[in-house]
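Here is the structure we will look at.
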Amino acid sequence: MTSLIKKNASGHADDGDANLLINEVVGVPGGIGESARQRRAAAYDTFLRGLLPAREGVALIAVGGLGRRQCAPYGDLDLVLLHAGVPGTDELAASVWYPIWDAGLRLDHSVRTVSEALSVAQDDVKVALGLLDARLVVGDRELADALIRTAADHWRRTAVRHLPGLREVTEARWQAHGELAFLLEGDLKEAAGGLRDVGLLRAISAAGITDALRPAVRAAHLRLLDTRDALHRQVGRRVDRLVAQERDGVATLLGLEDGDALLRRVAGDARTVSHALDDAFRAADRLRSGRSRGGNGRPARRPVARDVVEHDGELVLARTAIGARPDPSLSLRMAAAAAATRIPIARATCEWLAAYCPPLPAPWPAEARAALITLLGAGPGLVPAWETCDRYGLVDGWLPEWTRLRSLPQHNPVHRYTLDRHLVQTAHEASRHAREVERPDLLLLGALLHDIGKGLAGDHSTVGVPLAQAVATRIGLPPTEVELIGTLVRLHLLLPDVATRRDLADPVTIASVAEAVGDTGTLDLLHALVRADAAATGPAAWSDWKGRLVAELVARVRTALDTGVLPEPPAPDPALLAGPLPVVHLTGDRVSVAAADRRGLLATVAGCLALHRLEVISADASVVDGRALVECRVQPRYGLPPDPVSLRADLRRAVGGDVSVTQRLRGRALAARGGGAAPRVVWHREAATDAVLLELRAADAAGLLYRVTCALDEAGALVRAARISTLGADVVDAFYLVGGWPDDATRARLEAAVLAAV
């Protein structure tokens, strides 16, 4: 067979040629599916049997994918040459390994006696797990059986003792690779919920600890293997990371609609595997440590809630609940008890609830509604309890809308979770703010439903309102509370959008938010919801400066709602109004400059800050007593603060009109220009007291504010304020242009100038 393999210029086989040969032998080039994997394994077996002559006391053992007969199109070969101390094993091994290497196959190999292999397995749990997949390919069957039988027996006797250390290693791997269910580009093998974890489940089942390979897990495993096979075929080499550019091609090979359908399937399978592994580790913990026992030697039963008892470290139904006609709220009450106590629900109990708990009526009874709020407000216990119920289909019975939301990917990189998990996580985060609002129950429900419109056409904040109100009505809320839930969904982005994109000193800004919110109770709910939403989204969705801006907006709107009087804008820093010009102050994240009144000062300051790798968050320009004032909030673009002495010196020279600084700014700005999505300009007519708002939506780039303010200045516009909102790789920059609404020709001219600068 090796003679058929094409050699490259160096005399070695091209990488992957042997894999292609194997695929030709089995008749399915890069075949996908269980039968293709089995045929590949059979072809490898045939190839390998031709390399080892029949000899007593020697056996070629396959482990890994070949041992399980689950060979990927471009997988490795994991082989052990087992011997009984016969002479000449080194030469024999070379006669086997070199043809494999010459064939261009990747090989992980070892040469050991039975006692050596068992000794290594005793010290290295990974080797012990590998031997559970051991299978004779060719050679002495008795010798192979001795290793396979002894290794399996040793694992059964020692597994419970080894599992804590194995769990530590596994959790370190999860930390390094993340959770496959929530990654847009996850590693199908190493990430939590991936193929490596299925191997752990197989090992735990082999030890007899629990039935870890249930039908749902086996089905998920086969689909993950199919995905890996399709990824290999799509890329043409061994790769386990499902990157974005290969997603649609892999989906097509698997017969799925698109890359999103693939992500949803992978996420569902990964969550099934992760949940099963959590359950298996708990079973091992119970077996290792034991639980409190009653007088009859059986695990003690402790009442936890109505119809719920703790039994051997898990929650189960009381016997009276099983014997009677089940209450429709029983599954919700069980979930609430699990979340509140942080005790997992037993698998058999989940299966019983899924099979026998009747559907909830519409509207829900008060007991079911109270259980849902208890569940959502349980804090850290919410997510695992909800995930368990979702794995068994219980959540679909509570919220039929969940089927559409489950595992829906969110492609914005600031999001770390799929949509369904994000909603549950937001409810968890909202529970931290429950004491800050008058209606914590509505805060929790609003948190769960705030993004329910995502995945549908249109603005999700608008599309989601009737969907959320339908859920609230079904749950049994009165009409006024149903309306408030709709308001929370519609306005859940209002505070962060206004705080980061509008001038908070402008009375029109405060008045518009106060009118939209209506009352302080709703304002408090929205403030709590936006913080919970950001925390559930990911670290890139929130920052100290954003929190301060939102808090400042909330305080100003509260004053307006409480008193009916719009707060006065803050006075300029008195230090800028005294002393010889120019004045430069650097205080924390604030840069303040005073200079002789002239056009272009804001652009000059913005450019100087860009030169020092500072990102401008907000900028205000004004003229007081003949002095031009510019005040900016900044943050380091790359995390490293600039040298304050150098920055102060450059600002003084620049605002003083030093030509050399200006030339440096322009040179650096031109060099910073790059590609990105097509920019867009949006005008807002009545968003300010004495100005119109030009909003630029574009790709982020260093020096962008400088270029745009220069362009506006050269086009004759006077910028009194700018607000910069960075959203991943994009920005939404708002510029307040002094004066009334410009005519069509002026708007077109200004818009063209801005787009040309971008």
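The values are calculated or read from the model by the stated rules, or taken from the named source; none is laboratory data. For clarity, every value in this text was computed on a predicted model and none was experimentally measured. Note: ideal-geometry Cβ built from the backbone for every residue, glycine included; neighbour counts use all protein chains shown. Please note that ligands, DNA and RNA were not included when accessible areas were found on the heavy atoms of the full protein model with its side chains. Shrake-Rupley method; radii C 1.70, N 1.55, O 1.52, S 1.80 Å.
Okay, here's what the table says:
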| item | result |
| --- | --- |
| Selected residue [out of contact with any Ser or Thr (no Cβ under 8 Å at 6 or more places or on another chain), surrounded by 19 or more Cβ atoms within 10 Å (Cβ to Cβ) and either in contact (Cβ under 8 Å) with a residue 40 or more places away in the chain or in a helix (DSSP H, G or I) (or both)] from 200, 231 | 231 |
| Restricting region 380-390 to residues that are surrounded by 24 or more Cβ atoms within 10 Å (Cβ to Cβ) and without any contact (Cβ under 8 Å) to a residue 60 or more places away in the chain, the residue that is farthest from residue 330 (Cα to Cα) | 382 |
| Pair list, Cβ < 6 Å and 6+ apart or interchain, from region 107-134 residues that are under 21 Å from residue 203 (Cα atoms) to residues that are open to solvent by 70 Å² or more (accessible area, probe 1.4 Å) | 133/68 |
| In region 129-163, the residues that are part of a loop (DSSP other than H, G, I, E, B) and open to solvent by less than 30 Å² (accessible area, probe 1.4 Å) | 133, 134 |
| Complete set of residues in region 208-227 that are hydrophobic (A, V, I, L, M, F, W, C) and open to solvent by 20 Å² or more (accessible area, probe 1.4 Å) | 209, 213, 216, 219, 222 |
| Condition check for residue 560: farther than 25 Å from residue 417 by Cα and more than 32 Å from the chain's Cα centre (by Cα) | yes |
| Leading residue by the ranking (farthest from residue 412 (Cα to Cα)) among those in region 703-758 that are of a type in the set (D, E, K, R) and in contact (Cβ under 8 Å) with a residue 40 or more places away in the chain | 713 |
| Some residue of region 508-529 being part of a loop (DSSP other than H, G, I, E, B), over 30 Å from residue 421 (Cα atoms) and open to solvent by 40 Å² or more (accessible area, probe 1.4 Å) | yes |
| Among (1) under 30 Å from residue 263 (Cα atoms); (2) of a type in the set (Val, Ile, Thr); (3) in contact (Cβ under 8 Å) with a residue 24 or more places away in the chain, the one test that residue 322 misses | (1) |
| Among residues of region 341-356, those that are farther than 18 Å from residue 381 by Cα, surrounded by fewer than 20 Cβ atoms within 10 Å (Cβ to Cβ) and not aromatic (Phe, Trp, Tyr), counted | 4 |
| Residue among 32, 5 that alone is more than 30 Å from residue 145 (Cα to Cα) and at pLDDT 90 or above | 32 |
| Matching residues, region 175-197, being open to solvent by less than 30 Å² (accessible area, probe 1.4 Å), out of contact with any strand residue (DSSP E or B) (no Cβ under 7 Å at 6 or more places or on another chain) and of a type in the set (A, V, I, L, M, F, W, C) | 181, 182, 188, 195 |
| Long-range neighbours under 6 Å by Cβ, at least six apart or interchain, first residue over 18 Å from residue 522 (Cα atoms) and among the acidic types (Asp, Glu) within region 419-436, second open to solvent by 10 Å² or more (accessible area, probe 1.4 Å) and not in a helix (DSSP H, G or I) | 420/406 |
| Positions within region 342-379 being among the aliphatic types (A, V, I, L, M), in contact (Cβ under 8 Å) with a residue 12 or more places away in the chain, part of a helix (DSSP H, G or I) and out of contact with any Leu (no Cβ under 8 Å at 6 or more places or on another chain), in sequence order | 348, 366 |
| Within region 313-329, considering residues that are open to solvent by less than 40 Å² (accessible area, probe 1.4 Å) and part of a loop (DSSP other than H, G, I, E, B), the one modelled with the lowest pLDDT | 326 |
| Pair list, Cβ < 7 Å and 6+ apart or interchain, from region 281-298 residues that are more than 30 Å from residue 192 (Cβ to Cβ) to residues that are open to solvent by less than 40 Å² (accessible area, probe 1.4 Å) and modelled with pLDDT under 55 | none |
| Whichever residue in region 530-540 is in contact with a Pro (Cβ under 9 Å, 6 or more places away or on another chain) and not β-branched (Val, Ile, Thr) and, among such residues, is surrounded by the most Cβ atoms within 10 Å (Cβ to Cβ) | 533 |
| Which listed residue is modelled with pLDDT of 95 or more, over 19 Å from residue 412 (Cα atoms) and touching a helix residue (DSSP H, G or I) at 6+ places or on another chain (Cβ under 7 Å), from 188, 242, 213 | 188 |
| Test for residue 167: is it closer than 26 Å to residue 48 by Cβ, within 32 Å of the chain's Cα centre (by Cα) and of a type outside the set (A, V, I, L, M, F, W, C) | no |
| Failed item, numbered, when residue 181 is tested on (1) among the small types (Gly, Ala, Ser); (2) assigned to a helix (DSSP H, G or I); (3) touching a Leu at 6+ places or on another chain (Cβ under 9 Å) | (3) |
| Residue within region 97-117 that is polar (S, T, N, Q) and closer than 28 Å to residue 164 by Cβ present | yes |
| Cβ-Cβ under 7 Å pairs, at least 6 apart or on other chains, region 507-534 side under 27 Å from residue 412 (Cβ atoms) and in contact (Cβ under 8 Å) with a residue 24 or more places away in the chain, far side among the polar types (S, T, N, Q) and in a helix (DSSP H, G or I) | 522/487; 532/426; 533/426 |
| Subset tally (residues that are in a helix (DSSP H, G or I) and open to solvent by 20 Å² or more (accessible area, probe 1.4 Å)) for region 675-704 | 0 |
| Subset of region 234-248 [touching a strand residue (DSSP E or B) at 6+ places or on another chain (Cβ under 7 Å) and either among the hydroxyl-bearing types (Ser, Thr, Tyr) or open to solvent by less than 60 Å² (accessible area, probe 1.4 Å) (or both)] | 240 |
| Filter result for residue 499 (within 27 Å of the chain's Cα centre (by Cα) and modelled with pLDDT under 95) | yes |
